[in-house]
1. Can you confirm whether residue 201 is within 15 Å of residue 138 (Cα to Cα) and within 16 Å of the chain's Cα centre (by Cα)?
2. Name the residue that is nearest to residue 186 (Cα to Cα), counting only residues in the stretch 199-240 that are buried (at least 16 other Cβ atoms within 10 Å of the Cβ) and charged (D, E, K, R).
3. Go through the stretch 158-177 residue by residue and tally those that are surrounded by 22 or more Cβ atoms within 10 Å (Cβ to Cβ) and either outside the structural domain of residue 226 (by TED's automatic domain parsing) or under 26 Å from residue 136 (Cα atoms) (or both).
4. Do we have any residue at all in the stretch 150-159 that's within 28 Å of residue 14 (Cβ to Cβ) and without any contact (Cβ under 8 Å) to a residue 12 or more places away in the chain?
5. Which condition does residue 196 not pass, out of (1) surrounded by 20 or more Cβ atoms within 10 Å (Cβ to Cβ); (2) at positive phi, if it passes all the others?
6. Of everything in the stretch 72-106, what is among the polar types (S, T, N, Q) and within 19 Å of the chain's Cα centre (by Cα)? Give them in sequence order.
7. Test each condition in (1) surrounded by fewer than 19 Cβ atoms within 10 Å (Cβ to Cβ); (2) modelled with pLDDT under 95 for residue 151 and report the one that comes out false.
Amino acid sequence: MKPELQWNRAALLQSPMFAPLHSLLERLDVDRFPALADLNDLLVQCGMPARGQSGKSLQFVMPVHDSAPFEAQYEPRCYLEGEVQTRPQNWHDLFNALIWPAFPAAKAAINARHYQALIEGAAVDAGQRGAGRDMLTLFDESGVIVVHADDELAGLLRTFQWKELFWRQRMRVNAAMGFYLFGHGLYEKAMQPYVGMTGQGLVLAVEREFFSWPLATRLSHLDKLLAAYLRAPGHCHNARELSPVPLLGVPGWAAANSDPHYYDNTSYFRPGRRGA
């Protein structure tokens, strides 16, 4: 690992972007990067349920060679055996592992749809996944769950009216909108946030009382809500189901966004497709 990316649990626990993982990070050793055994112990501590599709308990395991037979490849092995191939000392794979106990039903739903697409031959060929699997992969890597109890705010986000949303309607956003990182690639980027950092938002409606619940209750509800969306046959067919979200514009996620002029940077806060 690069020196600037050494294990620093305290820094991750201080970041609002890592809030969905805070309770999990607190269970990990403060002094060293988590090993596979630590991650598997974490599953036991969290009471991770057996996966519905295969009925087998989830376990993090060493990867196999790329030329492995179909059943041993990443998605089939996860679906059939409950084994998630995880590279040691790898940030990307660490965050993927942590998302499983954070959003177990949603992760299982993504894996099930990948597996079903592979079985049905939905992938065009070995080098292409098809639009549905592309959407699932994009969300799994770069997804952010955007929840709201205000349709007008959701409309501002979908039409890329960033300054109106994040500045002029800031109090409403804080009261009736929430942003929860899901993509493990996005968590890796969040270790060193930068202007330009963008998530792929799945926008879901919730009741207003959602925002008064404890974080653990909110995350559990989001997992169920997200899994239901991901399982629905009418969803997950095209990446346009996702809305780009400039994450450093979220109130409180960057010190600089307390200045209204911050949102005038149209190379980051792009006007986008207003008619979408």
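1. Working: within 15 Å of residue 138 (Cα to Cα): yes; within 16 Å of the chain's Cα centre (by Cα): yes.
The answer is yes for residue 201.
2. 223
3. 2
4. To start, the set of residues in the stretch 150-159 that are within 28 Å of residue 14 (Cβ to Cβ) comprises 153, 157.
Within this subset, residues satisfying the condition of being without any contact (Cβ under 8 Å) to a residue 12 or more places away in the chain are none.
There is no residue in the stretch 150-159 that is within 28 Å of residue 14 (Cβ to Cβ) and without any contact (Cβ under 8 Å) to a residue 12 or more places away in the chain.
5. (1)
6. So the first thing to find is which residues in the stretch 72-106 are among the polar types (S, T, N, Q), and the list is 73, 85-86, 89-90, 96.
If the condition is that a residue be among the polar types (S, T, N, Q) and within 19 Å of the chain's Cα centre (by Cα), then 85, 86, 90, 96 are the ones that fit.
7. (2)
The values are calculated or read from the model by the stated rules, or taken from the named source; none is laboratory data. Bear in mind that the values here come from a model prediction, so they are computed numbers and not experimental data. When we count neighbours, we look across all protein chains shown, and the Cβ atoms used for this are built from the backbone with ideal geometry, even at glycine.
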